[in-house]
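The values are calculated or read from the model by the stated rules, or taken from the named source; none is laboratory data. These figures come from a predicted structure and were not determined experimentally. All Cβ positions, even for glycine, are placed from backbone atoms using ideal geometry, and neighbour counts span all protein chains on display.
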Amino acid sequence: MEVMKITKEADITEIIESDIWMMDTLRAAESFELNDWWIGAGFLRNKIWNSISNKDSTPTRDVDLVYFNDQDTKPETDWQYDEYMKTNYPFAEWEVRNQARMHYVNGFEPYKSTAEGISNWVETATCVGVRLTSGKLEYLFCHGTDDLFGLIARPIPRFQTSELIGVFHGRIEKKAWKEKWPSIRVFDK
């Protein structure tokens, strides 16, 4: 089986730009004009890992669209945004979340930006984002690209504690990463 080598942003850009669904999803997100928005997590990670593994690159329909607005942190606002996106762009399962309020999930201190929120997601390879700005793709790699490009599941430092490491392992099992990507390597640190 031929394995794709991904070593730089240009490789990712080529992969995304050749995927009509991903580009349509990014255009839809851009048109919503949320403050400091990114599409993160599996949208980008799964595409990269599927490409590296030479797997069917059928995209996940789940889209984590995140943004930052510390002036309106009501969860109801996000739910309204979810409905708006699902109604107007039904080709995806949208989850729109304001990172100004998402710190509560793990009991962390409030985040100051979307990037800070994304940087606190459980795995290093999940702490990634992509957005479209005036037709150009932009990327956010909160913990670098080594684990993303290396097909490595590793918890961010905050989740390497005895209290939170179970969350990391639980996600790997629940999401069946070892079945989806048999070559994945899992490290606790």
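Here are some notes:
- Residues (within 24 Å of residue 70 (Cβ to Cβ) and assigned to a strand (DSSP E or B)) located in region 102-131: 128, 129, 130, 131
- Criterion violated by residue 25 - all others in (1) touching a Pro at 6+ places or on another chain (Cβ under 9 Å); (2) of a type in the set (S, T, N, Q); (3) under 17 Å from residue 137 (Cα atoms); (4) at pLDDT below 95 satisfied: (4)
- Flag if residue 137 is in contact with a helix residue (DSSP H, G or I) (Cβ under 8 Å, 6 or more places away or on another chain), in contact (Cβ under 8 Å) with a residue 24 or more places away in the chain, crowded, with 17+ Cβ neighbours inside 10 Å and of a type in the set (A, V, I, L, M, F, W, C): no
- Verdict on residue 176 being among the small types (Gly, Ala, Ser) and touching a Phe, Trp or Tyr at 6+ places or on another chain (Cβ under 9 Å): no
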